[in-house]
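See structure below.
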Amino acid sequence: MDSLFQTHIELSSFYDPNGNKITRKTEIRYDPLTGESSRVVYDPGINITPPQYSNNAKQTSATNCPFCLPNLTSKTPTFSKTITPDGQINHGDATVFPNLYPYSKYNGIAIFSKDHIIELENFTVELLRDAFLACQTFIKKVRKLEVNRIYPSINWNYLPYSGGSQLHPHLQVIISESATNYQSLFIRKSRSFTSNHGVDYLDFLYEKERQLGKRWIGEHGQIAWLTTFSPKGHNDFIAIFRGKNSITDITTEDWTNVAVGLQAIFKALIEQGLRAFNLAVHILEETSIHVRLIPRLNFGELNTSDFNYFQVMHDEGLTYKSPEMVAELARKYF
Ligand SMILES: [Zn+2]
């Protein structure tokens with residue numbers, strides 16, 4: 001099934017002001033599951049400035065922050081008693097409560113640190129593990145209540161470049177009756193893949209990428225990390241939960257392994273001058289579970305957004321760095 005990794009090369013030729021011919025390559029890659037295309041483009045050497053929020057952190061912390069103590073205990077909403085008798089869900093330093101402005105039938109916010117801001121290098125395994133465990137407990141409670149199919153995901157906008165509107169570290173749990181576009185495409189294509197090839201897509205991807213090695217980063221326990229062949233961003237990491245396809249399959253050890261892997265990915269981001277990212281843990285029942293992490297950046301003197309008409313209007317990922325280069329960079333931290 002090597003043919004599932006399809007590329008198309010386009011060469012663009014033109015002349016510099018002195019009449020010298022220049023040829024540059026655009027590599028178009030097709031996702032092995034969905035067929036969606038993305039482009040590995042010529043790297044103009046963009047100047048990434050890591051964002052600094054120390055001044056903003058001072059202005060937005062303590063009584064100005066809804067997630068700092070004492071506001072966290074006195075001003076946050078509570079779930080109905082049918083979800084949890086305590087109104088909120090706690091695990092270690094993590095607390096899950098309802099989003100005042102929900103995006104789905106169930107939408108939890110998980111605050112997982114007393115600190116108003118945590119730099120990327122300072123997220124501990126315990127903080128990350130407990131945050132995911134608290135989210136998992138919330139999803140399990142909703143799973144017991146709902147007879148119909150639900151689409152749970154645990155999401156993270158880290159820092160404002162990623163769409164995060166609060167500096168205080170928090171996750172968002174979305175549990176919807178309707179799959180998002182990404183989820184519905186992934187489920188539909190996974191089912192076709194299994195019926196066409198007789199193997200689960202992520203099982204295939206795990207075996208194939210481990211054997212090829214080019215996009216393989218490493219694994220801890222049942223959690224394996226690699227870069228995607230057809231990236232949706234300048235880096236695009238995926239973690240496969242091997243042999244898991246429901247919220248009750250995930251163990252504490254799995255979350256510890258996710259957290260250890262995340263620490264390595266964070267180091268790979270820092271090495272590139274990246275800080276902000278979007279992350280989603282997709283729990284696709286009866287299909288598979290995986291994490292996707294894509295860093296977000298602004299660049300140049302104008303603080304230009306990394307998303308332009310390609311991503312927004314054409315739904316086409318762009319990257320200046322090949323997935324193989326990013327995997328090699330991240331591999332040394334595993
Ligand atoms: Zn805060």
Please go through the stretch 33-54 and give me each residue that is more than 20 Å from Glu10 (Cα to Cα) and at pLDDT 90 or above, ordered by number.
Leu33, Thr34, Tyr53
Count - residues of the stretch 16-43 that are open to solvent by less than 50 Å² (accessible area, probe 1.4 Å), closer than 17 Å to Tyr320 by Cβ and among the hydroxyl-bearing types (Ser, Thr, Tyr)
3
Given the structure, is Ala280 in a helix (DSSP H, G or I), within 29 Å of Pro152 (Cβ to Cβ) and open to solvent by less than 20 Å² (accessible area, probe 1.4 Å)?
no
Is at least one residue of the stretch 152-161 open to solvent by 50 Å² or more (accessible area, probe 1.4 Å), within 21 Å of Gly233 (Cα to Cα) and either free of Cβ contacts under 8 Å to residues at least 24 places away in the same chain or of a type in the set (Ser, Thr, Tyr) (or both)?
no
Scanning for something over 17 Å from the mean Cα position of the chain (by Cα), touching a residue at least 12 places away in the same chain (Cβ under 8 Å) and open to solvent by 60 Å² or more (accessible area, probe 1.4 Å), does the stretch 179-186 turn up at least one residue?
no
Select from the stretch 303-329 the residues that are open to solvent by less than 30 Å² (accessible area, probe 1.4 Å) and part of a loop (DSSP other than H, G, I, E, B) and list them in ascending order.
Asp306, Glu316, Ser322
Residue within the stretch 254-268 that is farther than 25 Å from Pro50 by Cα and of a type in the set (Lys, Arg) present
no
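The values are calculated or read from the model by the stated rules, or taken from the named source; none is laboratory data. Keep in mind the model is a prediction, meaning the values are calculated, not measured. Cβ: placed from backbone, ideal geometry, glycine included. Neighbour counts: every protein chain shown. Note: areas computed on protein heavy atoms with side chains; ligands, DNA, RNA excluded. Shrake-Rupley method; radii C 1.70, N 1.55, O 1.52, S 1.80 Å.
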